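The values are calculated or read from the model by the stated rules, or taken from the named source; none is laboratory data. Quick caveat: nothing in here was measured; it's all calculated off a predicted structure. Note that each Cβ is placed from the backbone with ideal geometry, even for glycine, and that neighbours are counted across all protein chains shown.
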Amino acid sequence: MNARTILLASAALALAGIGLAPVLVILARSILFEGPAGLSYYQRMWESHRVWTLLGHSAAVSGLTTLLTLAAGLPLGILLGRSDLPLRRVLTALFTIPLLVPPYILAVLWFHILGRQGLAAAWYFGLPGCVLVLWSVFLPVVVLLVMILLKTVNPRLEEAARLTTGWPGVLRGVSIPLIFPGVLLAALLVFLLSFGEFGVPMYLRYGVFPVEAFTQFSAFLDFGAAAAATLPLVMVTFGALALERVFLRDRTYILRPIAAVGGPAEIALGKARWWVFGLAGMLCLVSVVLPFAALLGSVSPASIREALARAGDSLLRSLWYAAAGATLLAVLGFLLGYLIHNRALRFWRSVDSIAVFLFALPSTVIGIGLVAMWNHPATGFVYGTPLILLFGYLAQYAALTSRITVSALAQIPRALEEAAEVAGASWLRRMGSIVTPLAWRGIAGGWMVAYIFCLRDTGISMMVYPPGHDTLPVRIFTLMANGSSELIAALCLLMCAASLVPLLVGGALLLWTRPA
Amino acid sequence: MIRFDSVSKEYAGRAAVSGFSMSIAPGERVVLVGPSGCGKTTVLRLLAGLTVPTAGRIFIGDRKVSGPGTLIVPPEERNLGFVFQDLALWPHMSVRGNLEFGLKARGTCREERERRIREMLSLVELEHRAGARPGELSGGEQQRVALARALIQRPATLLMDEPLSNLDPELSLRLRADILRLQRDLGFTLLYVTHNREEALALDGKCVSLVWPLFQKKGAIPG
């Protein structure tokens, strides 16, 4: 076996061992090792009315969130990605901000706006509030994916249609049908992410399945019931991804743009340009600017000092753990991405599927699985240290860096690596001298995405953090129970700054070093 | 009459076409010939309205359709057909769907659509492939679908961008004969782009070289 096979197989094994094994352990333990009680948890759960209520709530939250993000995200993605709308880049950046902070922070911000009393507050705590918050959090997922998908459409296909009809006809007849499988994939992703979200429903006191699993685990310390409550989450995730594999995989058109004169044409909005800008600006104002402006309005220098005093250590830990997690994810993602892109091992497709499955799986399931697997005296070096947090990050977010690596590698002609191979360079040398230098921008971009996701992570961190190692999102969540609203606002501001400042610096660096 | 009047086009500060002038009479066959990168495709795209000139004017008939930095008449109102170099057949539609799209967009009634699709499929001898998707067709069949899609609108002018460049010589010869036959029968103006001098000569039209835009001479190609 050569170094290439050993390294790539090790990466695949690491993913299976760190990510998939805990999920299998939790399911196996709930059925096999708890004696008859194990099955009785399932029996009890399925016989109660509560399970159907929770499933109904989960389906309502994720279904409505998906429909609304799709309804707003598709036109917005087209406008921001292809039209001559003024300030497109600024609007895109603004719409992306809610995705960069823990979702429950948005819930807190809206609470600051709507207040504790009155009809709006009553309406907010429940399904409408959950949908509103998750809609603004996951809207950028659809918007950004639509923008990326539109870039993959061969501009000639649209131009061929432009000769017979205007842009509305081209979009209806050609562009949207071509990207539709990808749009459905984005919808599926939003459905699964909102189905697995527990911070927002928990804050807004709306019972959904992930909250049930978390409560059984951390409040009642009932491992069997928590494990049983994860099963529907695993089944829904698995079922949704299986549907994607069966129905969408073969319907995705290969639409690489060709190298020819001119890129994709810009859609001229004409006289409607400023009206459309007004509408998009209004949407941005309501869903992004308003909550964050309210946050700034609630913060004073004194509350920031207090926040730093009470959670400064958590902030520093968050930054370290996120940086360490992102670095490990960049390495693991590079190896997995290389494996998948080059189909280097026979089971490359399974590796990709496992990574995507783990990403889509609710964090409560991975968290409970990690505890089930590592909570033993012999494995205290993992369970009792920040290593358990890093394992959680690797399990949940490997798909992000592996998929970004695949995209980066797709831009490099294979002949470049083959030329080095013919010249006698070993695989490691080829990686170090050819592939990594050419793909570094993609790897750096992957690192930044992974950093943000590790930093904003609440679900896994909340379930597995060792004593004395809580992260900022966890500290905010625990302080919310009895902290003043000014303190919570200051903590949320620190969280936003911790997410946005490194992203702005990294983004500026990537732009600065962009080839001409 | 089509007229390019001192047309220039720059991409990111680099001239793709510079001071290009040319007139084409109705029903004429014009071959734009020149090496890759000399701006042949840009000329077609300028005429189709898919890009706007940096300087100069373009006329179709008496109507000014493009001016410096301005698209006066949008592509769908120029009555042109375009066969792209990579054909640009819509992969999510059948052959019939590809042919029908433009007719539907222009509000052609159902009976007329059916009649024209039948007529065009018969003209390019693809009646038996109406339900196939582009990915299921051979290279020659795809080429004929692209031609049929451009012609079904009954355009006054057909623009062809290296339409035979990816085909084997035998098929290329046969399709070239088909194109000439269709032009004779339907009477449209043909503006044909190629980098192949033999192909340009075989088309037997007015040859315009874009190597040196000032050198434009009927029936001769600079060596």
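Assorted remarks:
- Qualifying positions in region A:440-459 - of a type in the set (A, V, I, L, M, F, W, C) and surrounded by fewer than 24 Cβ atoms within 10 Å (Cβ to Cβ): A:Trp440, A:Ile443, A:Ala444, A:Trp447, A:Met448, A:Val449, A:Ile452, A:Phe453
- Yes/no for B:Gly97 being more than 8 Å from chain A (Cβ to nearest Cβ), free of Cβ contacts under 8 Å to residues at least 12 places away in the same chain and closer than 16 Å to A:Leu157 by Cα: yes
- Unique match (being more than 24 Å from B:Arg96 (Cα to Cα) and among the charged types (D, E, K, R)) among B:Arg149, B:Arg174, B:Arg184: B:Arg184
- Filter pass, A:Gly369 being under 20 Å from A:Leu27 (Cβ atoms), in a helix (DSSP H, G or I) and not polar (S, T, N, Q): yes
- Checking each residue in region A:156-178 for being part of a helix (DSSP H, G or I), surrounded by 20 or more Cβ atoms within 10 Å (Cβ to Cβ) and facing another protein chain (nearest Cβ under 10 Å) picks out A:Arg156, A:Leu157, A:Glu158, A:Glu159, A:Ala160, A:Ala161, A:Arg162, A:Trp167, A:Val170, A:Gly173, A:Val174, A:Leu178.
- Of all residue pairs spaced 6 or more apart or on separate chains, those with beta-carbon atoms under 7 Å, a first member in region B:150-174 that is assigned to a loop (DSSP other than H, G, I, E, B) and a second member that is of a type in the set (Phe, Trp, Tyr) are B:Pro155/B:Phe188; B:Ala156/B:Phe188.
- Test result for B:Ser36, more than 13 Å from chain A (Cβ to nearest Cβ), within 22 Å of B:Asp161 (Cβ to Cβ), surrounded by fewer than 17 Cβ atoms within 10 Å (Cβ to Cβ) and out of contact with any Pro (no Cβ under 8 Å at 6 or more places or on another chain): no
- Considered as a group, the residues in region B:61-71 that are out of contact with any helix residue (DSSP H, G or I) (no Cβ under 7 Å at 6 or more places or on another chain) and either within 13 Å of chain A (Cβ to nearest Cβ) or crowded, with 22+ Cβ neighbours inside 10 Å (or both) include one that is modelled with the highest pLDDT, and that residue is B:Val65.
- Residue check: B:Glu114 meets all listed conditions (1) over 18 Å from the mean Cα position of the chain (by Cα); (2) buried (at least 16 other Cβ atoms within 10 Å of the Cβ) but one, namely (2).
- Put simply, of B:Gly131, B:Gly107 the only residue that is in a loop (DSSP other than H, G, I, E, B), surrounded by fewer than 17 Cβ atoms within 10 Å (Cβ to Cβ) and more than 14 Å from chain A (Cβ to nearest Cβ) is B:Gly131.
- Residue check, A:Ala213 crowded, with 24+ Cβ neighbours inside 10 Å, within 14 Å of chain B (Cβ to nearest Cβ), in a helix (DSSP H, G or I) and modelled with pLDDT under 95: no
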